[in-house]
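K.L.:
After the structure tokens below, expect a handful of questions from me.
The values are calculated or read from the model by the stated rules, or taken from the named source; none is laboratory data. Keep in mind the model is a prediction, meaning the values are calculated, not measured. Cβ coordinates were reconstructed from backbone atoms using ideal geometry, including for glycine residues, and neighbour counts include every protein chain displayed. Keep in mind that these areas ignore ligands, DNA and RNA; they rest on the heavy atoms of the full protein, side chains included. Shrake-Rupley method; radii C 1.70, N 1.55, O 1.52, S 1.80 Å.
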Amino acid sequence: MKYGKFEGAMTALVTPFDADGNVDVPSLQKIVEKQIENGIDGLVACGTTGETPTLSPVEQERVIKTVVEVAGGRVPVIAGTGSNNTRATVERTKEVSAWGVDGALVVVPYYNKPDQEGIYRHYKAVAEDGGLPVVAYNVPGRTVADMMPETIARLQHERLIAAVKEATANMIRATATLELLDPDVPFSMMTGDDFTTMPFIAVGGVGAISVTANIAPGDASRLVKLTREAKMDEARALHGLFMTLTQTLFAAPNPVPVKAALALAGWCRPDVRLPLATASEELTARVRAALTRYAGYEDLAGYMS
């Protein structure tokens with residue numbers, strides 16, 4: 001299989017807010033720089049973790065341009081441009097293509113409940129007119145519509161998508177998709193579920209778009225690398241540590257717990273925008289306990305310093 005340009009661990013970045021509820025650009029700059037310093041392989045701006053549905057177009061532009069500027073070409077940057085309106089997605093992707101990003105994260109259209117032909121035509125339109133390599137984002141738990149392995153393969157065969165972020169947590173599905181792909185067409189299979197990073201890579205994936213990487217970027221990258229290199233004893237040990245932290249970071253709707261973790265580490269405020277609710281004292285205490293258990297590990301200890 002020929003792999004595409006997107007691989008390794010890529011962080012699904014949070015969007016920090018200041019005390020007035022505005023995008024906190026200085027905190028975002030620090031978070032991005034710290035991610036790169038700690039060995040992350042790529043960055044995703046304005047995805048689900050970035051609370052994109054609550055950001056205005058102006059705010060999204062500010063976030064994406066900030067991430068691109070700080071990254072400075074050191075790692076790839078993918079920007080979320082997807083919606084349930086194909087024309088709007090194409091136009092947004094065109095806009096973003098001028099900002100120096102390396103790809104567009106395009107979610108399967110939600111709410112409209114398109115069939116497989118509709119999903120195919122949506123991605124075809126974005127790929128042909130958007131001006132960026134497309135990373136399809138399949139997350140049926142949020143979108144209801146589910147892109148089947150045959151549709152992913154059809155798009156890959158026609159070189160309409162460069163990668164897929166598969167967030168079904170289903171290794172049978174991942175394996176079925178991999179078996180249908182054209183091995184001569186460059187493509188990246190990436191998991192969108194932190195819990196499945198190790199098994200997903202073990203069955204043939206090449207990377208992960210990770211929430212936990214916001215607070216443990218080096219470990220996220222190492223987990224992918226160790227598994228791809230078949231260093232399974234080391235990978236299993238790290239997987240166990242990583243999953244213990246991840247369980248707490250998904251104890252409430254994403255990105256509420258991971259923002260609480262970043263606040264405890266001193267990187268940004270814990271604030272999220274409605275309809276999400278900022279972490280309660282009880283949840284914050286759970287996150288603090290999880291960080292304390294994990295902080296003895298070199299990566300997080302360094303990140304929190």
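K.L.:
Looking at (1) outside any helix (DSSP H, G or I); (2) buried (at least 24 other Cβ atoms within 10 Å of the Cβ), which is the one condition that is false for residue 266?
P.N.:
Status for residue 266: all satisfied but (2).
K.L.:
Which of the numbered conditions does residue 122 fail, given that it passes all the others? Conditions: (1) open to solvent by less than 20 Å² (accessible area, probe 1.4 Å); (2) touching a helix residue (DSSP H, G or I) at 6+ places or on another chain (Cβ under 6 Å); (3) outside any helix (DSSP H, G or I).
P.N.:
Of the numbered conditions (1) open to solvent by less than 20 Å² (accessible area, probe 1.4 Å); (2) touching a helix residue (DSSP H, G or I) at 6+ places or on another chain (Cβ under 6 Å); (3) outside any helix (DSSP H, G or I), the odd one out for residue 122 is (3).
K.L.:
Need a quick list: strands (runs of 3 or more DSSP E) entirely within the stretch 162-254 having at least 2 residues that are open to solvent by less than 20 Å² (accessible area, probe 1.4 Å) and free of Cβ contacts under 8 Å to residues at least 40 places away in the same chain. Walk me through how you get there before you give the answer.
P.N.:
Details: elements: 163-166, 188-191, 207-210.
By residue number, 163-166, 188-191.
K.L.:
Let me ask another. Please go through the stretch 24-62 and give me each residue that is of a type in the set (A, V, I, L, M, F, W, C), farther than 21 Å from residue 222 by Cα and touching a Ser or Thr at 6+ places or on another chain (Cβ under 6 Å), ordered by number. Let's see the steps before the verdict.
P.N.:
Taking the stretch 24-62 as the starting set, the residues that turn out to be of a type in the set (A, V, I, L, M, F, W, C) are 25, 28, 31-32, 36, 40, 43-46, 55, 58.
After this cut, where a residue has to be farther than 21 Å from residue 222 by Cα as well, the list is 25, 28, 45-46, 55, 58.
Within the stretch 24-62, 25, 28, 46 qualify.
K.L.:
Let me ask something else about it. Please work out if residue 74 is out of contact with any Cys (no Cβ under 9 Å at 6 or more places or on another chain) and farther than 25 Å from residue 208 by Cβ. Can you show your working first?
P.N.:
Numbers: out of contact with any Cys (no Cβ under 9 Å at 6 or more places or on another chain): yes; farther than 25 Å from residue 208 by Cβ: no.
Against the criterion (out of contact with any Cys (no Cβ under 9 Å at 6 or more places or on another chain) and farther than 25 Å from residue 208 by Cβ), residue 74 does not qualify.
K.L.:
Okay, moving on. Inside the stretch 32-47, can you point out the residues that are under 12 Å from residue 82 (Cβ atoms) and touching a helix residue (DSSP H, G or I) at 6+ places or on another chain (Cβ under 7 Å)?
P.N.:
46
K.L.:
So, of the residues in the stretch 269-286 that are under 24 Å from residue 243 (Cβ atoms) and in contact (Cβ under 8 Å) with a residue 60 or more places away in the chain, which turns out to be least open to solvent (accessible area, probe 1.4 Å)? First the steps, then the outcome.
P.N.:
Pass one, the stretch 269-286, residues under 24 Å from residue 243 (Cβ atoms): 270, 272, 276, 279-280, 282-286.
Still in the list and also in contact (Cβ under 8 Å) with a residue 60 or more places away in the chain: 272, 276.
Numbers: 272: 19, 276: 45 Å².
Looking at the filtered set, the residue picked out is 272.
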